[in-house]
1. Measure up 33/172; 5/72; 112/191; 33/175; 85/187; 33/128 against 23 Å on the Cα-Cα distance and list the ones that go over.
2. How would you rank 95, 160, going from fewest to most other Cβ atoms within 10 Å of each one's own Cβ?
3. Take the Cβ-Cβ distance between residue 179 and residue 137 as r, set R0 to 41 Å, and report the resulting FRET efficiency rounded to the nearest 0.05.
4. Which length gain, in nm to one decimal place, applies between residue 145 and residue 50 when the Cα-Cα distance is subtracted from 0.36 nm times their residue separation?
5. Expressed as a whole number of Å, what is the distance separating the alpha-carbon centroids of the range 131-196 and the range 51-121?
6. How large is the dipole of the chain about the Cα centre if only Lys and Arg carry +1 and Asp and Glu carry -1, each at its Cβ, rounded to the nearest 20 debye?
7. Only four residue types carry charge here, +1 at the Cβ of Lys and Arg and -1 at the Cβ of Asp and Glu. Report the dipole size of the range 126-193 about the Cα centre in Debye, rounded to the nearest 20.
8. Please report, ordered by residue number, every helix of the chain (full DSSP H runs) that is 18 Å or longer along its axis going by C-alpha atoms and whose mean Kyte-Doolittle hydropathy reaches -1.0.
Amino acid sequence: MLGLKMATDPRWVNIVERNIEEILVDHAFCEQKAASNAISVIIQYPHYSDLVQAMIAICQEEMEHFDLVHQKLLERGLKLGYDRKDPYVNDLGEFLRRNKTNSTLDGMFVNKMLFAAMIEARSCERFKILSEELEDEDLRSFYRNLMESEARHYTTFLNFARKYGNGIDVDKNWKEFLEFEASLMEKYGKKETMHG
C-alpha cells in the first residue's frame, strides 16, 4: 500500500530494543515536527480551504501523538531530552530542492506534499515493524494503534499533491522520489531512531 521500494532492514528492531529511550525521544520529536509542518502548510497555503481543514486535523492528531509518546517516556521514568537532527529528512529535502519541479510555485507545493507523504509512509512502515517485532507488548500495542493514522496522513498529503498539482505529473515525481528514498535506505536503518 505504501509503495516504498526498499523495506527497513529487519535487524533495525534489534537496535531499537537496546535503547528504547532513544527511539521514544526521537519519535516524540518526529510527532512535534509533523505538527509544525502541518502549521507551516496552513501558513503557506491558506487559500486551499480543504487543505487547511486537513492540516488542522493532522496537527491536532500529531500533538496528541506527541503527548502519548511523552507519557510513555514518563511511565518508564525517562525524560524527553533534546531534539536531534534527522539526516534522513535532510536528505529527502535536499533531493526535492534540486528537483526541477521546485522552480515553480505549484512545483514547490507538490514537493512539500510529497516530502510529508514520504516521511509519513516510512514512519508507518517503521511503526508496523515495531508493532510486530518488539518484545515489549505494551509498545507493540502502542505502535499498532499509531500505525493507521500514519497511513491516513500519507494518503492525505499525496492526494493534495495530485489535487493542486496543476498539470504537474505528480505520479511520475512520486515514483522518482520513491526510487531516491530506496537508495537512501541502504545507509539508514542502523540507529535507534525513527528514520535512522
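Only the coordinates and a few stated rules stand behind these numbers; no lab work does. These numbers were taken from a predicted model, which means no experiment stands behind them. Don't worry about glycine lacking a Cβ; one is built from the backbone with ideal geometry, like all the others, and counts go over all protein chains shown.
1. Working: 33/172 27 Å; 5/72 31 Å; 112/191 26 Å; 33/175 25 Å; 85/187 16 Å; 33/128 20 Å.
As for pairs spanning more than 23 Å Cα to Cα, those are 33/172; 5/72; 112/191; 33/175.
2. Least to most surrounded, the residues fall as 95, 160.
3. Numbers: r = 37 Å, r/R0 = 0.90.
In this case the efficiency is close to 0.65.
4. Details: separation 95, 0.36 × 95 = 34.20 nm, distance 2.60 nm.
Using 0.36 nm per residue and subtracting the Cα-Cα distance, I get 31.6 nm.
5. Between the Cα centres of the range 51-121 and the range 131-196 lies a distance of 10 Å.
6. Working: 26 positive and 34 negative charges, 139 e Å.
Its charge dipole is roughly 660 debye.
7. On the way: 12 positive and 15 negative charges, 79 e Å.
Using only the charged Cβ atoms, the result is roughly 380 debye.
8. On the way: long enough: 20-44 (36 Å, 0.56); 49-75 (39 Å, 0.10); 105-133 (42 Å, 0.23); 137-163 (40 Å, -0.98); 170-184 (21 Å, -0.52).
Going by DSSP H runs, the hits are 20-44, 49-75, 105-133, 137-163, 170-184.
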